[in-house]
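Asks: For reference, the structure I am asking about is given below.
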Amino acid sequence: MPRPSIMGTEMDYTPQEIMVAAAAREIRDGEIVFTGMRLPLIAFALAKQMHAPNAVGLFECGLVRDTPAPELLYTMGDPPNIAGALWATRMINMMGLLQRGAVDLGFIGGAELDRFGNLNTSYLGNPESPKTKLPGSGGAADIAGLSRRFVVIMAHEKRRMVERVDYITSPGFGDGQGWRERVGLRHGGPSAIITTRCVFGFESSEAVLRSYHPGQSVASVRAETGWDLRVAEDVHETESPTAEELTIVRRYDPQGFWTR
Amino acid sequence: MSKIMTMCDAVARFVPHGSSVVMGAALESLIPFAAGHEIIRRQVRDLTLIGPISDILFDQLIGAGCVRKVIAAWVGNVSAGLGHNYRRACEQGIPHRLEVIDHSNFTISLSLLAGGLGAPYIPTYSLLGTDILRTNPAFRQSLSPFGGEKILLVPSLQPDVAILHVQRSDENGNAHAWGNLGISEEAALASQRIIIVAEEVVPHQIIVSDPNRVLAPSFKVCAVVREPGGAHPSPVQGYYNRDHEYYHEYHRATRTVEGNAEWMGKWVADVKDRAEYFQKLGRERRQGLQLKEHRYAAPVDYGY
């Protein structure tokens, strides 16, 4: 089945597919993972079948799974996610595990992101009379504040990658080193940002370009980033998804609902 | 005494103007859309909606002008994106201004847990450092009297009514719900009253054969409405699957005020009841949401 090319260059996978593969690699075997929505749902399924067979997925609606759902999920509360779950329970038990420090990794998305990894999914402009009202936190603010580390997945556009977010819905490193401790957050913070163009890591609480996807470059990422881009010394091209990874992703999302 | 009544009667009696109402407590499943549509048809006004994410039900009630205030973690369309009515209300005051009290999924859970416990507040470490503390003036930052560390005090909420969709109930409101529950239990215990909307009304003996599966004590239930399919387009485990396409159609149709009015007319205002709603949806489409297979749990033994 023909797939659209990535940013005009010849690739046999989509931006979403390389994002899923990159997100799956952030999951270590045996970790407890807050899986979030959309692409991370597929990343969890991929990681389970590749390198992290012992990872456990937590879903804030009140589900724990040690196997990926048998078919594509449009929401975490879809019936296939409940059938065969390890535990179907109350949301507060998932949040309690998070606050208790049991969750190694959480995934969240964002409409607006800054170089300290703070995310805004609430208001663009003044909250009193917003230019754009976004849906809000959901569980994202809890995941960002309370997980051991979190990974951001989002579309890479200059208007979204800003110097400072208008509103901190989900806290990254605030205004830099020491901020989380100062406001009372006891651990955690962003460890990576996976976008449609690249992957950032964090050094001294600031986003640093770790790799650019095939077809991109340091210059093309810089042109689409709204802050003064910091680049890792060993910056390199993001590893393309392997044929095996693509097979798993496409078996899981055959219509490309989330990945095309 | 039987509490069975029609949706029309339940909403008329127990959801007056100005009520605070919890809906969508299970998150993406078991959303009481049939109840929400009856609220819209009755033109109930000045509601305070309380819930974690609500999916498109809150967006519909906001677009219909029923809502004065929203206390929630998220309002939008889970699988299709933003909620156009919510945006129009917040950005342009259409159909009118809306007061938004921001929460996260954890803090809305804690508010209702506190409400159910009869406690004034519950402390948490979540949301420290966020601007949510700026736009929700009800939160208080404090220091733990034990360790001295920074904490957030989340005040309790005690809504007037929780509307909960369940798989089955007896006529007194002893209800079985299964699957993930979200904040259904917290909502039931925190609210003054509960309206149960059930796929099936079953004999009392079936409910008491498995008391662990009961959602809340029936003495808090004021009405039981039998409404098969009442959660459509959201799913009900063991009864029907999610109608994903319906959410996308709603997203496309409600992009404009005129489009929203047309959608609202077609699916809510010009529809008498749930039976007529399903006639409109069509038999084929409804059949497409049927279970592909049954997956029964093993029976448990309550013997002694």
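The values are calculated or read from the model by the stated rules, or taken from the named source; none is laboratory data. No experiment lies behind these values; they were computed from the predicted model shown. With ideal geometry, Cβ positions are generated from the backbone for all residues, glycine too; neighbour counts draw on all protein chains shown.
Asks: Please identify the pairs in which a residue from segment B:153-182 that is more than 14 Å from chain A (Cβ to nearest Cβ) has its Cβ atom under 6 Å from the Cβ atom of a residue that is outside any loop (DSSP other than H, G, I, E, B) and basic (Lys, Arg), counting only partners at least 6 apart or on another chain.
Replies: From segment B:153-182, the pairs are B:Val161/B:Arg193.
Asks: Moving on to the next point. Within segment B:205-262, take every residue that is basic (Lys, Arg) and touching a residue at least 60 places away in the same chain (Cβ under 8 Å) and give me the one that is surrounded by the fewest Cβ atoms within 10 Å (Cβ to Cβ). It would help to see each step written out before you state the result.
Replies: The first filter runs over segment B:205-262 and keeps only residues basic (Lys, Arg), leaving B:213, B:220, B:226, B:242, B:252, B:255.
Checking the rest, the ones that are also touching a residue at least 60 places away in the same chain (Cβ under 8 Å) come to B:226, B:242, B:255.
Numbers: B:Arg226: 18, B:Arg242: 26, B:Arg255: 11.
Here the residue is B:Arg255.
Asks: Continuing with the same structure: Any chance you could count how many residues in segment A:56-76 are of a type in the set (Ser, Thr, Tyr) and within 11 Å of chain B (Cβ to nearest Cβ)? Break it down into steps so the answer makes sense when it comes.
Replies: Pass one, segment A:56-76, residues of a type in the set (Ser, Thr, Tyr): A:67, A:74-75.
From the residues that got through so far, the ones that are within 11 Å of chain B (Cβ to nearest Cβ) too are A:74-75.
Count: 2.
Asks: Taking the condition closer than 24 Å to A:Thr89 by Cβ and in the same structural domain as B:Ser169 (by TED's automatic domain parsing), does B:Leu49 pass? Walk me through how you get there before you give the answer.
Replies: On the way: closer than 24 Å to A:Thr89 by Cβ: no; in the same structural domain as B:Ser169 (by TED's automatic domain parsing): yes.
It is false that B:Leu49 is closer than 24 Å to A:Thr89 by Cβ and in the same structural domain as B:Ser169 (by TED's automatic domain parsing).
Asks: Tally time: how many residues in segment A:166-177 are more than 9 Å from chain B (Cβ to nearest Cβ) and either in contact with a strand residue (DSSP E or B) (Cβ under 6 Å, 6 or more places away or on another chain) or polar (S, T, N, Q) (or both)? Before you say what the answer is, go through the steps one by one.
Replies: Taking segment A:166-177 as the starting set, the residues that turn out to be more than 9 Å from chain B (Cβ to nearest Cβ) are A:172-173, A:175-177.
Now drop any that are not either in contact with a strand residue (DSSP E or B) (Cβ under 6 Å, 6 or more places away or on another chain) or polar (S, T, N, Q) (or both), which leaves A:172, A:177.
Number satisfying all stated conditions: 2.
Asks: Same structure, new question: If a residue has to be in a helix (DSSP H, G or I), under 22 Å from the mean Cα position of the chain (by Cα) and at the interface with chain B (Cβ under 7 Å from one of its Cβ atoms) to count, how many in segment A:77-91 make the cut?
Replies: Summing the residues that are in a helix (DSSP H, G or I), under 22 Å from the mean Cα position of the chain (by Cα) and at the interface with chain B (Cβ under 7 Å from one of its Cβ atoms) in segment A:77-91 gives 1.
Asks: Within the bounds of segment B:50-68, is there any residue that is more than 19 Å from B:Gly230 (Cβ to Cβ), touching a Leu at 6+ places or on another chain (Cβ under 9 Å), of a type outside the set (Phe, Trp, Tyr) and surrounded by fewer than 24 Cβ atoms within 10 Å (Cβ to Cβ)?
Replies: yes
Asks: Sticking with this one: Could you grab me the full set of residues in segment A:201-260 that are within 30 Å of A:Ala69 (Cα to Cα) and of a type in the set (A, V, I, L, M, F, W, C)?
Replies: Residues of segment A:201-260 within 30 Å of A:Ala69 (Cα to Cα): A:201, A:213, A:238-260.
Passing the criteria: A:Ala243, A:Leu246, A:Ile248, A:Val249, A:Phe257, A:Trp258.
Asks: Looking at segment B:110-139 only, could you name the residues that are among the aromatic types (Phe, Trp, Tyr) and part of a loop (DSSP other than H, G, I, E, B)?
Replies: The initial filter retains those residues of segment B:110-139 that are among the aromatic types (Phe, Trp, Tyr), namely B:121, B:125, B:139.
Those that are among the aromatic types (Phe, Trp, Tyr) and part of a loop (DSSP other than H, G, I, E, B): B:Tyr125, B:Phe139.
Asks: Filter segment B:111-131 for residues that are more than 21 Å from B:Glu149 (Cα to Cα) and either within 10 Å of chain A (Cβ to nearest Cβ) or modelled with pLDDT under 95 (or both) and give the result.
Replies: B:Leu112, B:Leu113
Asks: I've got another one for you. Within segment B:73-86, is even one residue at positive phi and touching a residue at least 60 places away in the same chain (Cβ under 8 Å)?
Replies: Yes; the residues of segment B:73-86 include at least one that is at positive phi and touching a residue at least 60 places away in the same chain (Cβ under 8 Å).
Asks: If I ask for residues that are part of a helix (DSSP H, G or I) and not basic (Lys, Arg), which ones from segment B:262-277 would you list?
Replies: Keep residues of segment B:262-277 that are part of a helix (DSSP H, G or I), which gives B:262-269, B:274-277.
Once the filter is applied, which keeps residues that are part of a helix (DSSP H, G or I) and not basic (Lys, Arg), segment B:262-277 yields B:Glu262, B:Trp263, B:Met264, B:Gly265, B:Trp267, B:Val268, B:Ala269, B:Ala275, B:Glu276, B:Tyr277.
Asks: Additional query: Being at the interface with chain B (Cβ under 10 Å from one of its Cβ atoms), surrounded by fewer than 24 Cβ atoms within 10 Å (Cβ to Cβ) and acidic (Asp, Glu) is the requirement here; does A:Glu163 meet it?
Replies: Details: at the interface with chain B (Cβ under 10 Å from one of its Cβ atoms): no; surrounded by fewer than 24 Cβ atoms within 10 Å (Cβ to Cβ): yes; acidic (Asp, Glu): yes.
So A:Glu163 fails the test.
Asks: To continue, here is another question. Are any residues in segment B:204-246 of a type in the set (Gly, Ala, Ser) and either modelled with pLDDT under 95 or in a loop (DSSP other than H, G, I, E, B) (or both), and if so, which ones? Give the derivation first.
Replies: Narrowing segment B:204-246 to residues of a type in the set (Gly, Ala, Ser): B:209, B:216, B:218, B:223, B:229-231, B:234, B:238.
Once the filter is applied, which keeps residues that are of a type in the set (Gly, Ala, Ser) and either modelled with pLDDT under 95 or in a loop (DSSP other than H, G, I, E, B) (or both), segment B:204-246 yields B:Ser209, B:Ala216, B:Gly229, B:Gly230, B:Ala231, B:Ser234, B:Gly238.
Asks: Using the structure shown, decide if A:Ala192 is within 22 Å of B:Leu82 (Cα to Cα) and under 15 Å from the mean Cα position of the chain (by Cα). Step through it out loud before you land on a result.
Replies: On the way: within 22 Å of B:Leu82 (Cα to Cα): no; under 15 Å from the mean Cα position of the chain (by Cα): yes.
No, not satisfied.
Asks: Looking at segment B:214-234, can you tell me whether even one residue there is facing chain A (nearest Cβ under 10 Å) and under 18 Å from the mean Cα position of the chain (by Cα)?
Replies: First, the residues of segment B:214-234 that are facing chain A (nearest Cβ under 10 Å): B:234.
With the extra rule that they be under 18 Å from the mean Cα position of the chain (by Cα), the set shrinks to B:234.
Checking segment B:214-234: at least one residue is facing chain A (nearest Cβ under 10 Å) and under 18 Å from the mean Cα position of the chain (by Cα).
Asks: I've got another one for you. Has segment A:198-208 got at least one residue that is of a type in the set (Gly, Ala, Ser) and within 12 Å of another protein chain (Cβ to nearest Cβ)?
Replies: The initial filter retains those residues of segment A:198-208 that are of a type in the set (Gly, Ala, Ser), namely A:201, A:204-205, A:207.
Now restrict to residues that are within 12 Å of another protein chain (Cβ to nearest Cβ): none.
No, segment A:198-208 contains no residue that is of a type in the set (Gly, Ala, Ser) and within 12 Å of another protein chain (Cβ to nearest Cβ).
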